[in-house]
Structures are given as structure tokens and as C-alpha cells.
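Scroll down for the structure; my scribbles are underneath it.
What follows draws every value from the coordinates through simple rules; no lab data is involved. Quantities reported herein were computed from a predicted structural model and do not represent experimental measurements. Cβ atoms come from the backbone with ideal geometry, glycine included; neighbour counts cover every protein chain shown.
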Amino acid sequence: MEHIPVLLNEVLSFIPDGNEKLTIVDCTFGAGGYSRAILEKNPNISLIAFDRDPYVQKTADQFKKEFGNRFTFIAKPFSTLKESLNKLKISNVDGIIADIGISSMHIDHAERGFSYQNDGPLDMRMSQDGTSAKDIVNLMGEEDLRNIIKNYGEEKAAKGIARKIAEYRLTKEIETTTELRKIIDEHTNNNVKSVMRVFQAIRIAVNDELGELNATLQQAVELLNPKGILGIVSFHSLEDRMVKQFMNDVAKEKSFSRYQPETDEKPKDFTLLTTKAVKPSKKEIEYNQRARSARLRVIRRK
Ligand SMILES: C[S@@+](CC[C@H](N)C(=O)[O-])C[C@H]1O[C@@H](n2cnc3c(N)ncnc32)[C@H](O)[C@@H]1O
């Protein structure tokens, strides 16, 4: 199935109209849905796109042919944002967006090992290198495994599931997504939500997803020009919490009551453009089930 961009109109509404000359960064190129819409919105936008998944290179090559110098692709993690832009002699940009879920290309290709519904090797590496899900599931100590499942999956049965995994691998290496799913199913009485949560937890660990996001937020705000926007679409509560907290820190003015002493807190450099996270409409969810947990938050430099 082709990847359907999530909250696309909502994200686009924060990209300025008109013919202004702007540089925008799309941290998560994927199938190019956001990148295309942004490039088509204004002919004077130059767009720099990041993606660490080598599978998207072909689409990036097509974009290069179609958009020429207006499009630059960087095949690296977005946590290299500042360093990668510096190499291009760019120190300021007008917008940075990121859509940090996994894409349909990940889920639909069983050989990538992301899907608990299709049999595939236990891989889950977006960048195709480094530690795989198989390494984590087979080599990590039981307690660390339990913490990953508990903290990144918010799974109540983490302890028991980690124990079952540790017991199983004494007799045989866990090699496939189906094998892992069976172990979780047996322990949780076929609770598909537990399976989802464990797969999510392992995927977050394999790709250091929270570390990537955390490292990037601070760099992003340092790069923004006045009126520049930062927009993040996240898909689970751990990421959304991190984004919310960060955006509140840089943009939310404290409200003082007359009973509190005045502080010397400086005015904030950013404005919150989304006081509450923007969620997909019912219509979007009906059309694209994968959008259901998406949350968009946006700030703008004053
Ligand atoms: C949900 S998809 C983006 C889809 C895109 N907005 C579109 O409309 O086609 C997320 C993409 O971000 C990439 N990605 C995730 N984490 C990344 C990271 N830390 N650095 C670079 N790319 C990353 C994934 O490989 C995936 O292709």
C-alpha cells in the first residue's frame, strides 16, 4: 500500500503562502508526501529532506530530477540536522517539519521485520545497519529487556513477557516476527494490544527513536529564522509528551496571578501555534487507519 501522508493539510497550513523565498527542512522524507506538497505550494521554496532509510533513495532521485536545485536530499539521521546543514553552508532556515512515525513502506514490506501481522526476519532497522531487533531480543539481559518493554511499550505484562523471551531463547534463537509474536501471545492470552506494544518498544529501542527526537528539537529551534516554524507529527504518547514539554518550555509564557511575586523570567522566543495537539479528523481516520494516533504540534519563532 502506498504511504498516505498524515495530517498533510494541517501541516501545510503552517507553511507560508505566496512567493516568498524560503528554505524548509523535511526531516522525514519517506514517500515524499510532505516534501512534494511543500515544494508545490510555493515555487520559491527550497527544500532539504532527510531520511536514514536507504529504501527511499529512489524516490529522492526522482524528486531531484523533477525539482532540480530546489531539492536536496540527505541520507542521514535527522539528529545530524545542524552538522549536515552546516556542511551545505546553511545556518538558518524558515521551517522544519518532522513526521516521525514509521511509514507504510516499513509495515508493508515483511522482510523489514516491523510488522507483527506478517512473517519476516526480526530486523526493524530503518537505516539497515547497527543493532537489529534480533540482536536485542536474543542478546539483551532479561532486566534490560523488561525495562524496554515497560518504558517504551508501556506494557503492563513486561516482566512476564521478558521472562518468557529469556526462557525461549535458552533453547533456540528467536529469528522471526512470528516467533516473537507467538511468545507474547502465549503469555498474554492472545492480547494483540500487548503484541503491538512490545513490537513498538523494540522498534523504538532499535532505532533510538526518543534519542533522535530529543537530540533534534534543540538543534531545530537554534536554526530557525524569525517567523520560522517547527512542526512535529508524532504517533505515540512518549514522543508527543517529549514534544509538548519541549514546546511548552520554549514557547509557553507563565501566567502570573496577582498573588504571586513577579519573577525575572524573560519573554519566550517562540509562540505556540497549537495550544492543543492537532488530531486527524474522523474523515481522515476513516480513510487512513494509520493516522489515528497522530498528533501535530507547532511553534513559531517571534
Ligand atoms: C512516517 S514516514 C514520513 C512520511 C512522509 N511525511 C510522507 O508524506 O511521505 C517517516 C520517515 O522518516 C524516516 N525516519 C524516521 N526516523 C528518522 C531519523 N531519526 N532520521 C532520519 N529519518 C528518519 C523513516 O525512515 C521514514 O521514511
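Each Lys and Arg adds +1 at its Cβ and each Asp and Glu adds -1 at its Cβ; summed about the Cα centre, segment 1-47 shows a dipole of about 100 debye. When each full DSSP H helix of the chain is screened for a Cα extent of at least 18 Å along its own axis and an average Kyte-Doolittle hydropathy of at least -0.5, the helices passing are 158-171, 192-206, 209-223, 237-251. Between Lys279 and Glu173, the FRET efficiency estimated from the beta carbon spacing at R0 = 41 angstrom works out to 0.50.
Over the chain, the fraction of Cα-Cα pairs per 10 Å bin, rounded to whole percents and listed from the shortest bin up, is 6, 26, 31, 22, 12, 4, 0. Per-residue Cβ neighbour counts within 10 Å put Met196, Met247, Met124 in the sequence Met196, Met247, Met124, beginning with the fewest.
Take every pair of alpha-carbon atoms less than 8 Å apart whose residues are at least six positions apart; their mean separation over the length of segment 128-206 yields a relative contact order of 40 percent.
Once a ≥ b ≥ c are taken as the square roots of the eigenvalues of the Cα gyration tensor of segment 128-206, is the result rounded (a/c under 1.5), prolate (a/b larger than b/c) or oblate (a/b not larger than b/c)? It is rounded, given that a/c, with a ≥ b ≥ c, falls under 1.5. At an R0 of 35 angstrom, the distance between the Cβ atoms of Asn19 and Glu83 translates into a FRET efficiency of 0.70.
Report, in listed order, any pair from Lys21/Lys87; Lys41/Lys65; Lys41/Lys282; Lys21/Lys64; Lys156/Lys182; Lys21/Lys279 with a Cα-Cα distance greater than 27 Å. Flagged as over cut-off: Lys21/Lys279. Remark: Leu224, Leu122, Leu8 ranked as Leu8, Leu224, Leu122, counting other beta-carbon atoms within 10 Å and listing the fewest first. In segment 158-252, a dipole from Cβ-located charges (positive for Lys and Arg, negative for Asp and Glu) runs towards its positive end, and of Asn207, Ser234, Gln218 it is Ser234 whose Cα lies farthest in that direction.
Out of Thr274, Thr216, Thr171, any idea which swings most in a Gaussian network model of the chain, alpha carbons joined below 10 Å? Judging by the Gaussian network model, the answer is Thr171.
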